[in-house]
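Here's the structure we're looking at; comments come further down.
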Amino acid sequence: MLLDDLKSVFRQAPSFFAVLQGPDHVFTWANDAYFSLTGRSDTIIGKALLDALPELKGQGFKELLDGVLATGVPYIGHDLPVRLGRGADGQLEEAFVDFIYYPFVDADGSRSGVVVHGSVVTEKVRAQQELQLLLA
């Protein structure tokens, strides 16, 4: 019962969460906020990162995930831009995120995946950019 309650809390949380497993970073779980951020539905579950979100190729996110999985050292990103094909036409839209990638550690101590947790900070970053333009 407690596990179901926790899943419900994380599913409804305003922060985005996802769990990716293995060296291909296969989505095994994500919450509604993650689906909203990416413009995708739960159809990404069971797919590798770059199959589910091909627009991430070349943006450095897979390489960061690779590093966390290999080393076990979390990665914290602030105000990072991400381009996502969120619209029906697949047009790339830029968002800004604060996030942490941390290793998913199994009971035996091995790292089998990466947990993604973060917040969308696009409005904050755009306001800061506008302020900088006004001050310049």
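Each reported figure results from applying straightforward, stated rules to the coordinates on display, with no laboratory input. Because the structure is predicted, anything quoted here is derived from the model rather than measured. As a convention, Cβ positions derive from the backbone with ideal geometry for all residues, glycine included, and neighbour counts pool all protein chains shown.
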Exposure proxy check: L49, L92, L133, L20 ranked by fewest other beta carbons within 10 Å?
L133, L92, L49, L20
Taking the Cα atoms only, what angle lies between the long axis of helix 122-135 and the longest principal axis of the chain, rounded to 10 degrees?
30 degrees
Given the -39500 (n - 2.57) contribution per DSSP H run of 4+ residues, what per-residue ellipticity at 222 nm results for the chain, rounded to the nearest 500 deg cm²/dmol?
-10000 deg cm²/dmol
Hydrodynamic radius of the chain per Kirkwood, over alpha carbon pairs, in Å
15.8 Å
Distance cut-off 17 Å, percentage of C-alpha pairs in region 54-96 lying past it:
42 percent
Span from the region 121-136 Cα centroid across to the region 66-99 one, whole angstrom:
20 Å
